[in-house]
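What follows is a short report on a single structure.
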Amino acid sequence: MEKTHFALNFKNTLEIDINGGTDLSSDKEKASWAKLSRGISTITPSAADKTDATPYWDGEGFSDTEITGKNITFALSGHRVMGDPAQDYVASHFLDIGDKLRTLARWTDPAGNIVESVATMTSIVPFGGAADVKQTFSFTLALDGKPDYTPASTQPTGTASSASTQSGK
């Protein structure tokens, strides 16, 4: 039993399909999942909200805010690890545009809830920094459309991300 009630960030698992699948219904079963963990020092999720704050007469000059859309992204950064399947896959798409930057993504939170989506890799930085330091590595994984959400309590046995085909170690 843990002494605190705080979940540590590394207990979240973020994976991509290094086969480049782009359809959750047909490509998920043949996906080659690779963890985005080795060399990654920070992952920052964001749900950029699209809002509407239209004031109505009955609000007497005040408005209510309603969320009408979301753009969910994960910004990852750290150091380049050559030979890591996930990093090698991302870095290999540095010069690409369009659909070549899409792949499947899966996030499993510490409780075992799973979010899966087609995603686009953006702002890829395959290396950088001073001559005498570790190479940097960063990119943003932008979920495309509404993701699939599977609560931990409804998953069939043996489907947690620990059963991935690529460990990404």
Would you check which residues across the stretch 119-142 are farther than 17 Å from residue 89 by Cα and either modelled with pLDDT of 95 or more or part of a strand (DSSP E or B) (or both) and list them? 128, 130, 131, 132, 133, 134
Tally, over the stretch 56-70, of residues that are open to solvent by 80 Å² or more (accessible area, probe 1.4 Å) and either of a type outside the set (Phe, Trp, Tyr) or closer than 30 Å to residue 129 by Cα (or both): 8
Report, ordered by the first and then the second residue, all pairs with beta carbons closer than 6 Å, sequence separation of six or more or different chains, a first member in the stretch 88-111 that is closer than 21 Å to residue 10 by Cα and of a type in the set (Lys, Arg), and a second member that is at pLDDT 95 or above and surrounded by 13 or more Cβ atoms within 10 Å (Cβ to Cβ). 106/15; 106/116
Hits in the stretch 5-30 - residues which are open to solvent by less than 70 Å² (accessible area, probe 1.4 Å) and assigned to a helix (DSSP H, G or I): 24, 26, 27, 28
With respect to residue 2, is the statement that it is at pLDDT below 95 and assigned to a loop (DSSP other than H, G, I, E, B) true? yes
Cβ pairs under 8 Å, 6+ apart, first in the stretch 21-40 and of a type in the set (Val, Ile, Thr), second at pLDDT below 95 and crowded, with 20+ Cβ neighbours inside 10 Å: none
So, in the stretch 58-83, of the ones that are part of a loop (DSSP other than H, G, I, E, B) and among the acidic types (Asp, Glu), which residue ends up farthest from residue 122 (Cα to Cα)? 60
Matching residues, the stretch 38-49, being open to solvent by 60 Å² or more (accessible area, probe 1.4 Å) and either of a type in the set (Phe, Trp, Tyr) or in contact with a helix residue (DSSP H, G or I) (Cβ under 9 Å, 6 or more places away or on another chain) (or both): 38, 42, 43
Out of the stretch 74-88, which residues are closer than 14 Å to residue 119 by Cβ and open to solvent by less than 30 Å² (accessible area, probe 1.4 Å)? 74, 76, 86
For the stretch 85-97, which positions are under 17 Å from the mean Cα position of the chain (by Cα) and farther than 14 Å from residue 135 by Cα? 85, 86, 89, 90, 93
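Kindly indicate which of 33, 107 is at pLDDT 95 or above, open to solvent by 50 Å² or more (accessible area, probe 1.4 Å) and within 13 Å of the chain's Cα centre (by Cα).
Being at pLDDT 95 or above, open to solvent by 50 Å² or more (accessible area, probe 1.4 Å) and within 13 Å of the chain's Cα centre (by Cα) holds for just one of 33, 107, which is 107.
The values are calculated or read from the model by the stated rules, or taken from the named source; none is laboratory data. All values reported here derive from a predicted model rather than from experimental measurement. Positions of Cβ are backbone-derived with ideal geometry, glycine not excepted, and every protein chain shown enters the neighbour counts. Accessible surface areas use protein heavy atoms only, side chains included; no ligands, DNA or RNA. Shrake-Rupley method; radii C 1.70, N 1.55, O 1.52, S 1.80 Å.
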